[in-house]
Amino acid sequence: MRACLLACLLTLPLPAAADGFTPVKDKDRFLDLVQNRELRIGLYNLSLNVLPDGRIDGSAMGWKITGQWAWKDGYFCREMDWSGMEIDYNCQLVEAQGAEKLRFTVDQGKGDSATFRLR
């Protein structure tokens, strides 16, 4: 049940205006956006901290999320664990809407998207 729920949480397309989002092409720009900020999707009580040392730390629906990330060829590549359930490695296109929102699209921009508010 929990595995099914997480799959829905991390792949469910959320409404986001197509205009106003611009690709984040380099690691330094990405780090400027996420430094000392939390990525949130309130609907799922999902919050993540993407740390400069390559760690991901957060929670969703009350369960701990941990992971690792790296910036490769212009994509955010990550693997995570949600309280014992592995979330497979995937490289994602990152797009920003100002400094308020980030949209991550799996499979290097070819798959589903999730939009996070930056807090």
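Key figures for this structure:
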| item | result |
| --- | --- |
| Tally of residues being surrounded by 19 or more Cβ atoms within 10 Å (Cβ to Cβ), closer than 18 Å to P52 by Cβ and aliphatic (A, V, I, L, M) across the range 69-119 | 4 |
| Some residue of the range 8-20 being of a type in the set (V, I, T) and at pLDDT 95 or above | no |
| Test result for Q68, more than 19 Å from I41 (Cα to Cα), assigned to a strand (DSSP E or B) and not hydrophobic (A, V, I, L, M, F, W, C) | yes |
| Complete set of residues in the range 30-48 that are touching a residue at least 12 places away in the same chain (Cβ under 8 Å), surrounded by fewer than 18 Cβ atoms within 10 Å (Cβ to Cβ) and either of a type in the set (D, E, K, R) or not in a helix (DSSP H, G or I) (or both) | Q35, R37, E38, R40, N45 |
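The values are calculated or read from the model by the stated rules, or taken from the named source; none is laboratory data. Nothing here was measured: the structure is a model prediction, and the numbers come from that model. Note that we place each Cβ from the backbone using ideal geometry, even for glycine, and neighbour counts take in every protein chain shown.
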